[in-house]
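A short reminder: the numbers here are calculations on the coordinates, not readings from a lab. As the structure is a computational prediction, the values presented were derived from the model and not from experiment. We place every Cβ from the backbone using ideal geometry, glycine too, and count neighbours over all the protein chains shown.
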Amino acid sequence: MAELKIFGYANKISVKPGDAITFHVNADGTSTAQAQLVRLIHGDTHPAGPGYKEEEILSPLNGAWDVRKQFTQVGSYCTVEDPEGRLAVDGSFSLCAFVYPNHPGDGLRQCLLGRWDAFGNRGYGLWLNPAGLLEFGYGNGQEVDYIDGEVPLLKQHWYFVAATYDAKTGVATLYQESAANRYNSRLGKVAGIDYRSHVRETLRFKPVNPPEVPFLLAGAQDFHTLRGTFVTQGLNGKLDRPSVYDRVLTREDLDAYRKSGQGPADGIVAFWDTSSGYTAEGIGDTVVDIGPHRLHAVGYNRPVRAQTGFNWNGKSHSFQVAPHEFGGIEFHDDAIIDCNWAVTRSWTVPELRSGAYGIRLRIGDGTGIREEYIVFFVRARQPKAPIAFLVPTASYLAYANEHLSFDAEIMQPLAGQSPILSELDIEMYQTESFGLSLYDTHSDGAGCCYSSYRRPILNMRPKARMSSMGVTWQLPADLSVIAWLEHAGYDYEVLTDEDLHLEGLDALKPYRLVLTGTHPEYVSEAMLDATEDYVEQGGRLIYMGGNGYYWNIGMRTDEPWCVEVRKLNSGMRAWQARPGEYHMATNGQKSGIWKDLGRPPQKLTGVGFISEGFDSARPFRRMPDSWHRRVDWMFEGIEGEMLGDFGLAHEAAGGLEIDRYDLALGTPPHSLIVASSGGHSDNYVTVTEEVLYPYPGLSGSHDYRIRADMVFFTAPNDGAVFSTGSIAFGQSLPFNNFDNNIAKLLSNIVNSFQSQKKVPGWSWTLEEKQIR
Amino acid sequence: MSRTWIDPLSGFEPEKAPREVATNDYLSPQTTWNETTRFKPKMYKVGRLNFFYKWPGHGGHLWSRTRYWPTRRRVLNIGGTYNQKTMRREKTILDKRPIWWTIAFAAFLLMPFAVPGDLWNTVMTAAAVFGIYAAVNLCWMLIIGTAGIYSLASYAVVGAAAYGATYIAILTGIPWWMLPLAGAAIGLVFGVIIALPAMRLDGFYYALLTLGVVELGRVYVIQSRVFGSATGGLYGAPSYLPDDLSQQDQLLYGYYASLLVMVAALFLYRFVNGKRLGRVLRMAPEKKEAFAEACGVDYRRARVSVFLLSSTAIGAIGGFYASHFGGASPNLFSFDTLLLALAMLVIGGIGRSEGAVAGTAIVVFIDRVLIDWGPLRFVLIGLIMLLVVLFLRDGLFGIKPQFRAWRDKKKSERRATRAEKGGEMLPEEATETENKDEIYYRRFDKMQRDFIKRLVTNEIIEEHRSRPLGQHSEALDRLLIYFRRQGQVDKYAILVTEEFKAYRIVALSGHRGTAPRVVEDKVYLNPNEAYHALFLRRVQDLLET
């Protein structure tokens, strides 16, 4: 019997009563699982807090679910709908493509394009073979005949490759030439490398092209008895302008193709102009065939579009300016956007209280990998509550199944500790089909720029802890805020980043007060705009965390389950996009951090990212400004100046990732620093975007800027913003069963913010003229 | 040498006394850099002169590769490479065996014209014997080498086929070309008979059984009047050579005919050993059958197929033998024939066609050409065999890989004695390292380790124990930063088995998809205990290097 495991996901992350949602579950070693609908209340099992809390909800979903093993297609590639079998060329033909291999050789067979059945040895294909050589081959069902190049392709270099096959004589010819210029490849001219290879050989028999074998870009079809057909031999790297011709292209034809990117006009079966079809709003998954038959290719698991092409010459940096230079389409054999598992259960959401919910699935002893929470959020059908908790689901996706403890050498020095791994972390690391986070690199070394929730996310569940830091992170940390709202008895509803992105200001408008998550780091322009408009129109915002409103992300409106980011040049980044690949395929915007786009988080919240450290946290101490009557009401009932010298995250409220007030970056000039943390350890280092020259002294015990600021300012139309400036703040709330000065401070603020009345102290605005 | 360190963050808690911790005297991290000005081991110049011609790559020229019609095999397997020292394109013949075989065939063809006149008869007679024996040995090699069946009955099959074919020829007067066919049929029958026990026996026991069969054959033909117990053999088989040839021509044609048989055997060897059957069998060597079977390899069927195929071929060669020598002699069953043949295989190297051919050439030359030496030549053969068995792992043709393995062993032994453990690379290693950055990393790491080893004191360990995370004294901080910066392979981590209750120490694989391994059984009750235990392990590892 297989080891018992259960994992699942839902097709939606945010639903309203009446909406349909489907659950997709994979189970190993069993065929039934015990399901229970629960409302998630507190997600941190830390002994200093109230412990884990959930509320079991009566539902027809509860009880035994039939579950089974499900398979996941990993890797990105393109399929081609070709009902007339035009790509099953029976006579002479040529296959051509520009290719930029990320990881050639190393025992990996990577199919560039072809109609290849790897199980039955039928069809044809053009590959990078396990030795990294260009290889053209075909099969007749029994045997394979092939021809390979003279020298291997070198990594991260643009080549133009082609194979021609003369059906009459059986002569196959390979064409391999460098397509590099001064900008687009890893090595420059001075390395003096001869990349060329032209080989000819007479092959033995004729290829067989059965109708059921599909044509694929960057993959080939394989078969398994249990699983059926699937795609294998994925490419790691970029393709540009691949094509199929039904004649033998001559050397001159190919030379011209290589120089211009345009093949000869006669004989085209399909010519996928990877740079075609770009719009100002972004690029979809369809790769346009400009040939006569319009055999458009469609990306699966979202191949990365808008990458620099073979002809990118460093002059333009956006596909909107010079689309023809951005024909690169990048594939990774470990990409995963949608597991596409069969539906295990469908459900129409009944009238439920708005909140965080999960389907708890248990098999065996119901611990570790034998317990799964499929998390989703239920909004109010009609918003009624004054308070909204804005769940930063985009940031959950950014960290979904992050591999930092395992793969990132920098993580231990960064976190100032050794990781604490759980069984779930190890299962995640062992299972390729759970995919990667925006903090990981693909196996070929390229950064992962897409993350989606249509796959099991092992760290987006209650009780999970961030292994590298020994604390809760994202959802389980945000549940501490929800648990506090719950404990204090506030009337609140939840909504998610996805709702905000799709509905904009309308999603926030019904609420008097919006609380953010503890780490709302990834925001799209629509989300940022809506939040800004909300505050400007009199909304009240409590920014509950640190390092928020940081990365500019893209999200397709029709596929909101997937977010895109490009990490570039500045900011605390796990990887670095290649030159020229700074613009998101999703919406054409330049990604990177909002600060570099002219919208530092200070402009919205008064504070912005200054430092991070994970070995310790520090309490806040009241700043002199907090005795001003504009804000002293926040401290009613609080003894002393020290705030939050306790907590579930390293025992204090100021820590993990912390934000600072900065007028130069747009903190509203009338803001007050109410309290600040201080005395951070040297594990806290100044963030890179604030560093022009790194010099000794950019760490906690040297740099005065390293601190978390609680900032308050009033906004137009009776609006107001309070920022906590620290991720650890939220994790101090549950300390001592929510009876502590951080919880007291927050409830003072929430009480006044949620009311229709003006914020207390609003009228104490005159210049000081005291004799004292 | 203990001093105190004041936590620079103490100022933020003015109501408490500053936190003071016992720590080390300050030691400059440049110490080890200043102390180290030269390599301890003697440094030798490295670099190998390019003393032979290397073809450049084809570059932009079209390279037309030819194949052996109708196969997929290229005439010569030539690979293109980048020279790592220059990035020049070069071509290398990846498999030079076709060249050696071509030279050998040319030598075989021209050999009769190069033999001195007084030795001509002796050499040509021996050469024909060589051809036939080489053919038999090639088939036998399929049984021993490819199928891994220790059968000693091959020459008995030759004998049986030769006797049988001669007998049939005498009785029925069939033409000479029927003899190999008759022999093949007899070989097949014989093969079936001795294949059956091979299904049940293996190794030594099967060898013993086949030895019994050989002896049975010998006793039978010696005793049997029908098979010429009186004449010392059965003669009267028709010869394939026309009667009107001179003796010299007979020897010459006989030699070429035997050579042809050998070539035929080589083809058989190639098609069995180099194709599916051979691959299947190489997956199932002796003592690994169970594994092969578990992988779905039907090795029994493959073994029996090879056995029957070879026996049939050996039988056909037996028929040819009868036609060549005009009959058969009990000598074929004798123990010394068997031993000589075994010597041929062993000297050349088991499992290689070139081994079978060269071994046969050597032994036949000594046995049949150096007749003047008398019994001494058997001593010589015995001596060669003994030396081969004693010193060579895979016969003469295994010398090259064996030499390379020996050279590698010596190389690592010598490097190990010269280089310091965990120290800098020697020039010999550096030249083999593609990424030169690693060479510097080794230097830096060595300096770091030598330095931080001196920082390990009881005070530092106590400081860590009392507070594993957070601000640390300068010395402890250096130690921790060094530890945390190490690569992911075998880097220690903590595994939580029950949150806030039970923790264990593991080591990361550093390889995506591979789980960490558990390094010890001990369970720690809270993260701080686990952090400290992990720290102690790292300190111990550091001091051990």
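Rounded to the nearest 500 deg cm²/dmol, what is the calculated helix-only ellipticity per residue at 222 nm for chain B, with -39500 (n - 2.57) per DSSP H run of length n ≥ 4? Working shown, then result.
Numbers: 19 runs with 290 residues, N = 545.
It comes out at -17500 deg cm²/dmol, rounded to the nearest 500.
Spin-label model, A:THR225 to B:LEU109: label points 7 Å out along the Cα-to-beta-carbon direction sit 5.2 nm apart.
In this label model, B:LYS400 and B:GLU413 are separated by 2.5 nm, measuring between points 7 Å along each Cα→Cβ vector. Axis angle, to the nearest 10 degrees, between helix A:741-753 and the longest C-alpha principal axis of chain A: 90 degrees. Based on the convex hull around the alpha carbon atoms, the stretch A:431-556 presents an average projected area of 9.0 nm².
Simple rule: put +1 on each Lys or Arg Cβ and -1 on each Asp or Glu Cβ in chain B, find the dipole, and look at B:GLY278, B:ILE439, B:GLY212; the Cα lying farthest toward the positive end is B:ILE439. When the chymotrypsin sites (Phe, Trp or Tyr not before Pro) in the stretch B:18-113 are filtered for DSSP coil states and for at most 13 other beta-carbon atoms within 10 Å of their beta-carbon, the remaining sites are B:TYR26, B:TYR44, B:PHE51, B:PHE52, B:TYR53, B:TYR68. Applying the Kirkwood pairwise sum to the alpha-carbon positions of the protein assembly as shown produces a hydrodynamic radius of 36.7 angstrom.
For the residues of A:193-201, the average number of beta carbons from a partner chain within 10 Å of their own beta carbon is 6.
With the largest listed first and rounded to whole Å, the semi-axes of the equivalent ellipsoid of chain B from the Cα gyration tensor are 72, 29, 21. The orientation-averaged projection of the convex hull spanning the C-alpha atoms of the stretch A:387-764 amounts to 17.3 square nanometres.
Assign one of three labels to the stretch B:251-396, namely rounded, prolate or oblate, based on the Cα gyration tensor with a ≥ b ≥ c the square roots of its eigenvalues; rounded applies when a/c is under 1.5, prolate when it is not and a/b is larger than b/c, and oblate otherwise.
On the way: a/c = 2.27, a/b = 1.43, b/c = 1.59.
Oblate, since a/c reaches 1.5 and b/c is not below a/b.
Computed over the stretch A:485-585, the percent of Cα pairs more than 24 Å apart is 30.
Among the residues of A:418-430, the average count of other protein chain beta-carbon atoms within 10 Å of the residue beta-carbon is 6. Extending 7 Å from the Cα toward the beta-carbon at both B:LEU380 and A:LYS168 defines two label points whose distance is 6.4 nm.
If a/c stays under 1.5 just call it rounded; otherwise compare a/b with b/c (prolate if a/b is bigger, oblate if not). Do that for the stretch B:225-270, with a ≥ b ≥ c from the square roots of the Cα gyration tensor eigenvalues.
Details: a/c = 3.37, a/b = 1.35, b/c = 2.49.
The shape class here is oblate.
Among B:ASP372, B:ASP394, which comes first, then next, by fewest other beta-carbon atoms within 10 Å? Before the final figure, lay out each step's value.
Details: B:ASP372 8, B:ASP394 18.
Result, fewest neighbours first: B:ASP372, B:ASP394.
Which whole-angstrom value gives the distance between the alpha carbon centres of the stretch B:465-501 and the stretch A:614-637? Centre-to-centre (Cα) distance: 33 Å.
The B:GLU428 and A:GLU143 beta-carbon pair, evaluated with R₀ = 45 Å, returns a calculated FRET efficiency of approximately 0.50.
A convex hull fitted around the alpha carbon atoms of the stretch B:385-500 yields 224 Å³ per residue.
Can you put B:VAL496, B:VAL363 in order of Cβ neighbours within 10 angstrom, beginning with the fewest?
Working: B:VAL496 22, B:VAL363 27.
Lowest to highest Cβ neighbour count: B:VAL496, B:VAL363.
Per DSSP H run of at least 4 residues, take -39500 (n - 2.57); add these up for chain A, divide by its residues and hand me the 222 nm value, nearest 500 deg cm²/dmol. Don't skip to the answer; put the middle values down first.
Details: 12 runs with 91 residues, N = 772.
Computed mean residue ellipticity for chain A: -3000 deg cm²/dmol.
In angstrom, the C-alpha Rg and Dmax of the stretch A:649-772 are 16.9, 50. The ellipsoid equivalent to the alpha-carbon distribution of the stretch A:596-675 has semi-axes of 23, 20, 8 angstrom, derived from the gyration tensor eigenvalues as √(5λ) and listed largest first. Once you order the gyration tensor axes a ≥ b ≥ c over the Cα atoms, which shape class does the stretch B:113-216 get: rounded for a/c under 1.5, otherwise prolate or oblate by comparing a/b with b/c? Here the stretch B:113-216 falls in the oblate category.
Counting residues in the stretch A:137-204 as N, plug N into 2.2 N^0.38 Å and put the Cα Rg over that result.
1.36
In this model, which of A:LYS16/A:LYS757; B:LYS288/B:LYS491; A:LYS463/A:LYS603; B:LYS421/B:LYS522; B:LYS436/B:LYS522; B:LYS54/B:LYS287 are farther than 32 Å apart at the alpha-carbon? It would help to have the intermediate numbers written out before the result.
Numbers: A:LYS16/A:LYS757 30 Å; B:LYS288/B:LYS491 35 Å; A:LYS463/A:LYS603 34 Å; B:LYS421/B:LYS522 29 Å; B:LYS436/B:LYS522 41 Å; B:LYS54/B:LYS287 44 Å.
Table pairs above 32 Å Cα-Cα are B:LYS288/B:LYS491; A:LYS463/A:LYS603; B:LYS436/B:LYS522; B:LYS54/B:LYS287.
Helix A:251-260 and the longest principal axis of the Cα set of chain A meet at an angle near 20°.
Legend: mean number of C-beta atoms from other chains within 10 angstrom of residue C-beta atoms, peptide A:406-413, equals 6. Ranking A:GLY291, A:PRO207, B:PRO401 by how far each Cα lies toward the positive end of the dipole of the protein assembly as shown (charges on Cβ) leaves B:PRO401 at the top. The spacing between the stretch A:704-764 and the stretch B:441-464, judged by their C-alpha centroids, is 46 Å.
Give me the percent of Cα-Cα pairs in chain A that sit more than 52 Å apart, rounded to a whole number.
Numbers: 54932 of 297606 pairs.
Summing the P(r) of chain A above 52 Å gives 18 percent of all pairs.
Across chain B, the longest piece that holds none of the GluC sites (Glu not before Pro) lying in DSSP loops with up to 15 other C-beta atoms within 10 Å covers B:16-285.
Using only Cα atoms, tell me the angle between helix B:474-485 and the longest principal axis of chain B; keep it within 0 to 90° and round to the nearest 10. The angle comes out at about 30 degrees. Going from the residue with the fewest nearby Cβ atoms within 10 Å to the one with the most, A:ASP333, B:ASP450 rank B:ASP450, A:ASP333.
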